[in-house]
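This report concerns only the one structure given below.
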Amino acid sequence: PAELSSGEAEELQRIKWHRKRLLEDIQKLKDEIADVFAQIDCFESAEESRMAQKEKELCVGRKKFNMEPTKGIQYFIEHKLLTPDIQDIARFLYKGEGLNKTAIGTYLGERDPVNLQVLQAFVDCHEFASLNLVQALRFQEGASDLGFGGW
């Protein structure tokens, strides 16, 4: 503009040049943020796919367990849904999510040494200390659903 001195005109040009650089930097940051969001979306999609696969494997494992308990446990271990650790197996059976109680009783009633160890760990999962005698007996009656009428 005509009313600016040469020093002011130079300062205005520097300001415009810096403004242009800042706008370019802002655009680069926007692009990088968009890339990060795209990667997050991709990660979430992959995670959802893994979760769906795991849920499918859990479902198959439950069906196998309910038909043939020993093969079901082996399936869970082979697919890394369960470790071969006795305590882990006992806790899994104690939770019993989607497992048939009769199949749990069948597995725990087998006389294989591993099954006997799992049975002991399974019993240890139950908390009788805070129960009075009547409550403990009622709880034990519920255990008869598993085929253990008189532990």
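The set of residues in region 84-119 that are open to solvent by 60 Å² or more (accessible area, probe 1.4 Å), touching a residue at least 12 places away in the same chain (Cβ under 8 Å) and either assigned to a helix (DSSP H, G or I) or β-branched (V, I, T) (or both) comprises Q87, R91, Y94, K101, T102, T106, V114, Q117.
Every residue, every condition in (1) outside any helix (DSSP H, G or I); (2) farther than 27 Å from G109 by Cβ; (3) among the β-branched types (V, I, T); (4) touching a residue at least 40 places away in the same chain (Cβ under 8 Å), yes or no:
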residue: E8; (1), (2), (3), (4): no, yes, no, no
residue: L23; (1), (2), (3), (4): no, yes, no, no
residue: I26; (1), (2), (3), (4): no, yes, yes, no
residue: G61; (1), (2), (3), (4): no, no, no, no
residue: G72; (1), (2), (3), (4): no, no, no, no
residue: F76; (1), (2), (3), (4): no, no, no, no
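A quick yes/no check of all residues on (1) surrounded by 10 or more Cβ atoms within 10 Å (Cβ to Cβ); (2) β-branched (V, I, T); (3) within 15 Å of the chain's Cα centre (by Cα):
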residue: E10; (1), (2), (3): yes, no, no
residue: Q13; (1), (2), (3): yes, no, no
residue: H18; (1), (2), (3): yes, no, no
residue: Q27; (1), (2), (3): yes, no, no
residue: I33; (1), (2), (3): yes, yes, no
residue: K54; (1), (2), (3): yes, no, yes
residue: R62; (1), (2), (3): yes, no, no
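Checked against (1) in contact with a Ser or Thr (Cβ under 7 Å, 6 or more places away or on another chain); (2) more than 22 Å from V123 (Cα to Cα), E78 passes all but a single condition, namely (1). Filtering region 120-134 to residues that are among the aromatic types (F, W, Y) and open to solvent by less than 40 Å² (accessible area, probe 1.4 Å) leaves only F122.
The values are calculated or read from the model by the stated rules, or taken from the named source; none is laboratory data. Quick caveat, the model's predicted, so the values are computed rather than measured. Glycine also receives a Cβ, built like all others from the backbone with ideal geometry; neighbour counts cover every protein chain displayed. Side chains are part of the model used for accessible areas, which takes the heavy atoms of the whole protein and leaves out ligands, DNA and RNA. Shrake-Rupley method; radii C 1.70, N 1.55, O 1.52, S 1.80 Å.
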